[in-house]
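Enquirer: Here it is, the structure in full.
The values are calculated or read from the model by the stated rules, or taken from the named source; none is laboratory data. As the structure is a prediction and not an experimental result, all values here were calculated from the model. Because the Cβ atoms are built from the backbone with ideal geometry, glycine has one as well, and the counts that use them run over all protein chains shown. Accessible surface areas use protein heavy atoms only, side chains included; no ligands, DNA or RNA. Shrake-Rupley method; radii C 1.70, N 1.55, O 1.52, S 1.80 Å.
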Amino acid sequence: MRSARLLDEIERDAIDGDINKALRLCLSLGGKAGSTELRDWASRELNGYRQESIPEYRRIYAPLQVDGATIRALVKHQTISPSQLPEFAHDEVTEELELRQSLPGLVELIAEAKRSDGSVRLMPPGASLLVDDMNRTNGDFNYIERLYWSVSPSAIQEVVDRVRSNLVELVAEMRAGMASGEVVPSPEVASQAVSVVINGDKNRVKVKDAAKYVTEVPIEKSRLRRWLEVGAWVAGIGATALLVALNWSNLFS
């Protein structure tokens, strides 16, 4: 049965195979398990993040650089401070970069960097408007051709590797929550795996029996002590009643 092999296939492709295939299989598993959270995460990794908030592992730091010219020379890969941008962009364009591209797109960026000069250039939103404004204030002897983030391919590779690790961890979490004989995780187990691995929730689901799932909840010591005291009090009442009953029995025997 294909469903019985899905977890194994996802794990295998995530470790040393086609990560795009692993994500597509994860998307399929989310559908079979009925987990919106698992489907959404796999879909966003495959298709890119649009207006949604992105996972923290997709935030990286990259210097802002410009290409242009001065009166004396051409300028390439000149690092600038965000404070050198027009004032209206100070809060919008910083050295923190959100990688919203699809996972296949990130893999292709790494491949392109290997084929070219070894760097990745990503344009900030409104880059052309920023360049026009900077050129108007730079005077006649300085000219900026382009503005971009200079991104190390290794930083992008770390994101790709993190997604691989997430897939392996998701499989491990779902296996830990599945009862013996199950081939597809329940919606609760699949969604909780996403909560643990992607969102950083430490509250893991444990299997109680073949049909019920429970979440480990620590019992406060004071509450446990009260329970023990009540139990001892009830047991004492029971013992006293038994002794009274025996004494009455002896009187009339």
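Enquirer: Might you let me know whether the range 164-173 holds any residue that is among the polar types (S, T, N, Q) and either surrounded by 15 or more Cβ atoms within 10 Å (Cβ to Cβ) or not in a loop (DSSP other than H, G, I, E, B) (or both)?
Expert: Looking for residues that are among the polar types (S, T, N, Q) and either surrounded by 15 or more Cβ atoms within 10 Å (Cβ to Cβ) or not in a loop (DSSP other than H, G, I, E, B) (or both), one finds at least one in the range 164-173, hence yes.
Enquirer: Considering only the range 119-143, state which residues are assigned to a strand (DSSP E or B) and under 17 Å from Val93 (Cα atoms).
Expert: Of everything in the range 119-143, those that are assigned to a strand (DSSP E or B) and under 17 Å from Val93 (Cα atoms) turn out to be Arg121, Leu122.
Enquirer: A further question follows. Here are some residues: Val217, Val234. Which one is at pLDDT below 60, in a loop (DSSP other than H, G, I, E, B) and loosely packed, with under 11 Cβ neighbours inside 10 Å? Break it down into steps so the answer makes sense when it comes.
Expert: Details: Val234 fails: in a loop (DSSP other than H, G, I, E, B).
It is Val217.
Enquirer: Condition first: without any contact (Cβ under 8 Å) to a residue 40 or more places away in the chain, in a loop (DSSP other than H, G, I, E, B), open to solvent by 30 Å² or more (accessible area, probe 1.4 Å) and closer than 30 Å to Asp40 by Cα. Can you find one or more residues in the range 83-90 that meet it?
Expert: no
Enquirer: Can you confirm whether the range 79-99 contains a residue that is over 20 Å from Asp132 (Cα atoms) and of a type outside the set (Asp, Glu)?
Expert: Yes - at least one qualifying residue is present in the range 79-99.
Enquirer: I want to confirm something. Restricting to the range 95-122 and keeping residues that are open to solvent by less than 50 Å² (accessible area, probe 1.4 Å) and among the β-branched types (Val, Ile, Thr), which single residue is nearest to the chain's Cα centre (by Cα)?
Expert: First pass over the range 95-122, keeping only residues open to solvent by less than 50 Å² (accessible area, probe 1.4 Å): 97, 99, 102-106, 109-111, 113, 118-120, 122.
Cutting the leftovers down to among the β-branched types (Val, Ile, Thr) gives us 110, 120.
Values: Ile110: 21, Val120: 23 Å.
Residue satisfying both the conditions and the ranking: Ile110.
Enquirer: Among the listed residues Tyr148, Tyr143, identify the single one that is among the aromatic types (Phe, Trp, Tyr) and open to solvent by 70 Å² or more (accessible area, probe 1.4 Å).
Expert: Tyr143
Enquirer: Moving on. I'm trying to understand the selection: among the residues of the range 9-34, which are under 20 Å from Ala179 (Cα atoms) and without any contact (Cβ under 8 Å) to a residue 60 or more places away in the chain?
Expert: The answer is Glu9, Gly31.
Enquirer: Do we have any residue at all in the range 47-59 that's of a type in the set (Lys, Arg), surrounded by 12 or more Cβ atoms within 10 Å (Cβ to Cβ) and over 25 Å from Ala127 (Cβ atoms)?
Expert: No, the conditions are met nowhere in the range 47-59.
Enquirer: So, in the range 1-43, of the ones that are open to solvent by 80 Å² or more (accessible area, probe 1.4 Å) and among the acidic types (Asp, Glu), which residue ends up nearest to Val160 (Cα to Cα)?
Expert: Asp16
Enquirer: When Ile54 is evaluated against the numbered criteria (1) in a strand (DSSP E or B); (2) over 14 Å from Glu158 (Cα atoms); (3) not acidic (Asp, Glu), which criterion, by number, is the only one it fails?
Expert: Ile54 satisfies every listed condition except (1).
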